Amino acid sequence: MRALIVDDSPTARAQARSALEDAQEKLGLDFAMEEAGSGIEALRALASDVIDLLIVDLHMPDMTGLEVLAFWRKRAAGWTGPTRALVVSTDVSSRDREKALENGAWRFLEKPVSVDAMAEALEGLAK
């Protein structure tokens, strides 16, 4: 399975990668991980490959995580196998959570993402 971590902050991407690495070990999953530092980079990655797990920051300078999520959902519509999108943000307003979930996010996670929160969001994904 392939995962794409999208965040304009290199520190946040590294933290999300670490949480994902630890969570997948805990759950027995195996993701090949890619990173994108902007929404535009994410669209390029999503256009060229099947991404089973999208972890995307809600607020980025070039486009929102919801815009990236919408593109991913269109691409993922024909894919087989489990897919999940996780929206992450330091902004934990109920409005942002609702918007993310209404737009197809599996979960909304608060930054910094903990291993336990990541593992909970990934439970049930098959190898």
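The values are calculated or read from the model by the stated rules, or taken from the named source; none is laboratory data. In this text, all values refer to a predicted model and were calculated from it rather than measured experimentally. Note that we place each Cβ from the backbone using ideal geometry, even for glycine, and neighbour counts take in every protein chain shown.
Each residue in segment 92-121 was checked for being farther than 18 Å from Ile5 by Cβ, surrounded by 13 or more Cβ atoms within 10 Å (Cβ to Cβ) and not polar (S, T, N, Q), and 4 pass.
Table: residues versus (1) in contact (Cβ under 8 Å) with a residue 24 or more places away in the chain; (2) of a type in the set (Ser, Thr, Tyr).
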residue	(1), (2)
Ala70	yes, no
Arg75	yes, no
Pro82	yes, no
Ala85	yes, no
Ser89	yes, yes
Val92	no, no
Trp106	no, no
Ala117	yes, no
Ala121	yes, no
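What residue, among those in segment 77-91 that are of a type outside the set (Val, Ile, Thr) and in contact with a helix residue (DSSP H, G or I) (Cβ under 9 Å, 6 or more places away or on another chain), is surrounded by the fewest Cβ atoms within 10 Å (Cβ to Cβ)? If you could, list the steps in order and put the result at the bottom.
Of all residues in segment 77-91, those of a type outside the set (Val, Ile, Thr) come to 77-79, 81-82, 84-86, 89, 91.
Add one more test, that the residue is in contact with a helix residue (DSSP H, G or I) (Cβ under 9 Å, 6 or more places away or on another chain), and what stays is 84-86, 89.
On the way: Arg84: 18, Ala85: 23, Leu86: 25, Ser89: 20.
Out of the qualifying residues, it is Arg84.
Being under 14 Å from Ser9 (Cα atoms), free of Cβ contacts under 8 Å to residues at least 40 places away in the same chain, of a type in the set (A, V, I, L, M) and out of contact with any Gly (no Cβ under 6 Å at 6 or more places or on another chain): is that true of Ala36 here?
Working: under 14 Å from Ser9 (Cα atoms): yes; free of Cβ contacts under 8 Å to residues at least 40 places away in the same chain: yes; of a type in the set (A, V, I, L, M): yes; out of contact with any Gly (no Cβ under 6 Å at 6 or more places or on another chain): yes.
In short, yes.
For segment 18-44, the set of residues classified as buried (at least 17 other Cβ atoms within 10 Å of the Cβ) and assigned to a helix (DSSP H, G or I) consists of Ala19, Leu20, Ala23, Gln24, Gly39, Glu41, Ala42, Leu43, listed by residue number. Within segment 41-56, residues that are of a type in the set (Val, Ile, Thr) have Cβ atoms under 7 Å from residues that are in a loop (DSSP other than H, G, I, E, B) in these pairs: Val50/Trp79, counting only partners at least 6 apart in sequence or on another chain.
Looking only at residues in segment 82-91 that are at pLDDT below 95 and among the β-branched types (Val, Ile, Thr), the one that is farthest from Arg2 (Cα to Cα) is Thr90. For segment 82-113, a tally of residues being closer than 14 Å to Arg13 by Cα and under 14 Å from the mean Cα position of the chain (by Cα) returns 9.
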